Each structure stands twice: as C-alpha cells, then as structure tokens.
Amino acid sequence: MNLTLRRGKPVDGPACGQICFDAFGTISNHHNFPPDIPSTEMATGFLTTLLSRPDVYSVIAEAGGKIIGSSFLWEGDTIAGIGPVTIDPKHQNAGVGRRMMEDMLARVAEKSFGGARLVQAAFHNRSLSLYTKLGFDVREPVACIQGAPLKESLPGFSVRPAMEDDIAACSRVCHQVHGHDRKNELAGAIEQKTATVVERDGVITGYATGIGFFTHAAAQGNDELKALIAAAPEFAGPGFLLPARNGEVFRWCLIKGLRVTQPMTLMSMGFYNEPRGAFLPSILY
C-alpha cells in the first residue's frame, strides 16, 4: 500500500467521520456491543471539531489520494491523550494503525510530554496487542457504566458547579491522586458549565469535568466520588468509565441500578503513578 500521512483539516471531517462510524460500528457489532458513536452525523460533527482545535494534533492516513484513517493526540495538559484512532474496515490489518500511532508517539517525544495514555475497548484484541507492542502498559480494567441519573446527595458532602477560582484547589486534588494535574481540561469544562466540585466541611475534596465518556473526575476518597456520580444530571455519551478495581464504588453503582455496557482498558506510556485516591478516567485517560 502506498500510504501517506499528513495533518488533518476541518474539511476532512465528513470522510473521517464516516470511517470513524464504520470502524467502531464494525468491531462493536462483531462482539455484540453497542457502538460508541451511534450515527455518522455525530461522528462527523465530533471529528470536525477536533480537526479545528489548536490543542489537538491530527494525523490523516491516505492511500491512492483517498482518506482511509485518522487519529488524534490531545495536547492540552502534561499528559497527552490519544484517540480516537480509526481505520476504514477495508484497509485494516495492513499496518495503517501502527503508522499513525508511530507518528503520534514521535509527536509526544518531540513535544516532551510526560507520557501518553489511552483507553481501548477490551474486546478489541488487535488494538490491545498493537498498543502493547508499541510500549503501552495496561494500568486499569475499566467498566463503562450507564443508567438513569441518580440525582441524589450524600450526607456530609456538597456538590456544586465548579468556578474558575476552584481550579487551583481541584488541581491539588488531581495532583494528589495522579501526580499531575489536568487544569486546562478542567478550565474548558468550567467554561462549558459541565464541571462540578464536591466539598466536605467547606473544603474541595474532589471534582469532575462531567460524569460521562469524555470527562474525568478525581477525588480524595470513594465517598467524594460517589457524591459526584450521585449528583450528575446525566451520564453523557455511552456512559462514565469506572476503574473496576474500585470494588466499593463499582458495587455501589450496581446496587443503585446502574449497568455495565462494555469493558475497557486504560493504558499508559511514560510517567504513571499508582493512583492515591478515587478517580474516573475519560475515554482519553
């Protein structure tokens, strides 16, 4: 295959969106799981937005002058997040994914990021194998969880919208849990009015950029994480991602009537600390 790689442009959105929808739909249907992206229109809108963002590095794969795949590197914070990585089903298993990943990892090195992370569908054996061969390590088994919003409060904890003045306190919590912060991502969520904080005795002890597929949360303990989940008005997208090793919160979610929709895997390369607290990763990390 005469494969070429280039940077993406917003005009590539429709072609990339169709491939993204086809790729996720094909693998999900093969394993009898619901697709992460339910329509071509949603995929196109999402990727067109990514192709327009200055903090997202894009890679377009072409063969014979035709787009056959795309991948994205989120560069807003200390750790770079990878995804989505999608290839036209007709061109899979031909090294396209490896070439795009190698390009993005070269970018990670060039920009001196502390590390790179991603979350992959646990049933997708080929991507798990590829990422492992490229140097990623499995860090967490993750359950994607969905259901009716609980709209509850936990005694002793107060959940409210996050404000710009909260960024420093939230960053301290994230640093305590992970050894790094995600302040730029948090600032964007505050601007979009999706971020919340949880307080105990008037002190911020956790936060969430939202409770959903593309959002993350960090908290000092499980009670704070439960409070953030319980107060969420919705679980955006396919659901929120919960580390399955957190048996206390996982069990609590199931008892509350929430359900697992699919298993996933958090993987990392470079800097990684074993979390010291409770957290929800996004589909990036």
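What is the helix-to-structure angle for 222-231, meaning the angle in degrees between its Cα long axis and the longest Cα principal axis of the chain, kept from 0 to 90 and rounded to the nearest 10?
Its long axis makes an angle of about 80 degrees.
Out of the GluC sites (Glu not before Pro) in region 103-173, which ones are loop residues according to DSSP with at most 16 other C-beta atoms within 10 Å?
152
Take the Cα atoms of region 145-280, build their convex hull, and give its volume per residue in Å³.
For region 145-280, the hull spanned by Cα atoms encloses 102 Å³ per residue.
Within the set of other residues whose C-beta is less than 13 Å from the C-beta of residue 146, count the net charge using Lys and Arg as +1 and Asp and Glu as -1.
Result for the neighbourhood of residue 146: 0.
Mean 1/r over all different Cα pairs, inverted: what Kirkwood radius does region 18-96 give, in Å?
This gives a value of 13.3 Å.
In nm, to one decimal, how far is the residue 184 label point from the residue 151 one, both placed 7 Å along Cα→Cβ?
Going from the residue 184 label point to the residue 151 one covers 3.7 nm.
What is the local net charge at residue 12, summed over the other residues whose Cβ is closer than 13 Å to its Cβ (Lys, Arg +1; Asp, Glu -1)?
Around residue 12, the charge tally is +3.
If you add up the charges near residue 241, with Lys and Arg at +1 and Asp and Glu at -1, over every other residue whose beta carbon is less than 12 angstrom from its beta carbon, what do you get? Walk me through the numbers on the way to the answer.
Numbers: positive: none; negative: 36, 140.
That sum, taken over residues with Cβ under 12 Å, equals -2.
Compute the long axis of helix 167-178 from its Cα atoms, compare it with the longest principal axis of the Cα atoms of the chain, and write down the angle in degrees, 0 to 90, nearest 10.
Its long axis makes an angle of about 70 degrees.
Which entries in the list 151/193; 9/66; 151/226; 151/256; 9/193; 9/133 go over 21 Å, if you measure between the two C-alpha atoms of each?
Beyond 21 Å: 9/193; 9/133.
For a footprinting-style exposure proxy, rank 31, 178 by other Cβ within 10 Å, fewest first.
31, 178
How big is the antiparallel share of DSSP beta bridges in the chain, given as a percent to the nearest 5?
Numbers: 52 of 56 bridges.
That works out to approximately 95 percent antiparallel.
Please give the calculated 222 nm ellipticity per residue for the chain, where each DSSP H segment of at least 4 residues contributes -39500 (n - 2.57) and the sum is spread over every residue; nearest 500 deg cm²/dmol?
Counting only the DSSP helices, I get -10500 deg cm²/dmol.
Test of the criteria: in region 199-273, which trypsin sites (Lys or Arg not before Pro) are in a DSSP loop and have at most 16 other Cβ atoms within 10 angstrom of their Cβ?
245, 256
Counting other Cβ atoms within 10 Å, keep those with at most 16, restrict to DSSP loop, and tell me which trypsin sites (Lys or Arg not before Pro) in region 125-184 are left.
Details: sites: 126, 133, 139, 151, 172, 182, 183; in loops: 151, 182.
Those satisfying the criteria are 151.
At a Förster distance of 22 Å, what's the computed FRET efficiency of residue 32 paired with residue 134, Cβ-Cβ distance as r, to 0.05?
So the FRET efficiency works out to roughly 0.20.
Contour minus end-to-end for residue 236 and residue 271, with contour as 0.36 nm per residue of separation and end-to-end as the Cα-Cα distance?
The span from residue 236 to residue 271 would gain 9.7 nm if fully extended.
Ranking 158, 70 by Cβ neighbours within 10 Å, fewest first, what do you get?
With the sparsest Cβ surroundings first, the list reads 158, 70.
Please give, to one decimal in nm, the separation of the simple spin-label points placed at residue 261 and residue 164, each 7 Å out from Cα toward the Cβ.
3.4
Please order 129, 282, 52 by the number of other Cβ within 10 Å, starting at the fewest.
Exposure proxy ranking, most exposed first: 129, 52, 282.
For the chain, what's the relative contact order in percent, using C-alpha pairs closer than 8 Å and at least 6 residues apart?
In percent, rounded to a whole number, it is 20.
Given +1 on the Cβ of Lys and Arg, -1 on the Cβ of Asp and Glu, and no further charges, what dipole in debye does region 145-280 carry about its Cα centre, rounded to the nearest 20?
Value, rounded to 20: 400 debye.
Relative contact order for region 11-138: what percent, with Cα pairs under 8 Å and sequence separation of 6 or more?
21
Any read-out appearing in this document is the output of simple, stated calculations on the displayed coordinates, not a laboratory observation. Because the structure is predicted, anything quoted here is derived from the model rather than measured. Quick reminder, even Gly has a Cβ in these numbers, built from the backbone with ideal geometry, and neighbours come from all protein chains shown.
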